[in-house]
Structures are given as structure tokens and as C-alpha cells.
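The values are calculated or read from the model by the stated rules, or taken from the named source; none is laboratory data. In this text, all values refer to a predicted model and were calculated from it rather than measured experimentally. Cβ atoms come from the backbone with ideal geometry, glycine included; neighbour counts cover every protein chain shown.
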């Protein structure tokens with residue numbers, strides 16, 4: 001089963017953490033989601 005994870009600004013802002021989490025998402029470990037409001 002693939003989990004969906006909602007990324008908040010606190011994990012999108014630090015580049016190393018964002019990179020790690022997005023790379024894990026690409027492997028299929030989970031599905032990453034965020035909203036336009038979080039992205040701003």
C-alpha cells in the first residue's frame with residue numbers, strides 16, 4: 001500500500017530535507033502532495 005504524505009512548508013523550505021523527501025517519493029515509498037498555499 002502506498003501512503004500519501006502532505007508536505008508542509010517546514011519540510012519544503014530546507015533544501016536538503018526537501019531533496020531527501022522528494023527522492024524518497026520518487027522511489028515509490030510514498031506519494032508526496034502539497035497545496036499552492038503551502039508552496040507560497
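Could you check, for the stretch 2-18, whether at least one of its residues is surrounded by fewer than 10 Cβ atoms within 10 Å (Cβ to Cβ), without any contact (Cβ under 8 Å) to a residue 24 or more places away in the chain and touching a helix residue (DSSP H, G or I) at 6+ places or on another chain (Cβ under 9 Å)?
Checked against the condition, which is being surrounded by fewer than 10 Cβ atoms within 10 Å (Cβ to Cβ), without any contact (Cβ under 8 Å) to a residue 24 or more places away in the chain and touching a helix residue (DSSP H, G or I) at 6+ places or on another chain (Cβ under 9 Å), the stretch 2-18 yields at least one hit.
If you go through the stretch 1-22, how many residues are within 9 Å of the chain's Cα centre (by Cα) and outside any helix (DSSP H, G or I)?
4
Looking only at residues in the stretch 23-40 that are exposed (fewer than 13 other Cβ atoms within 10 Å of the Cβ) and at pLDDT below 85, which one is nearest to residue 2 (Cα to Cα)?
35
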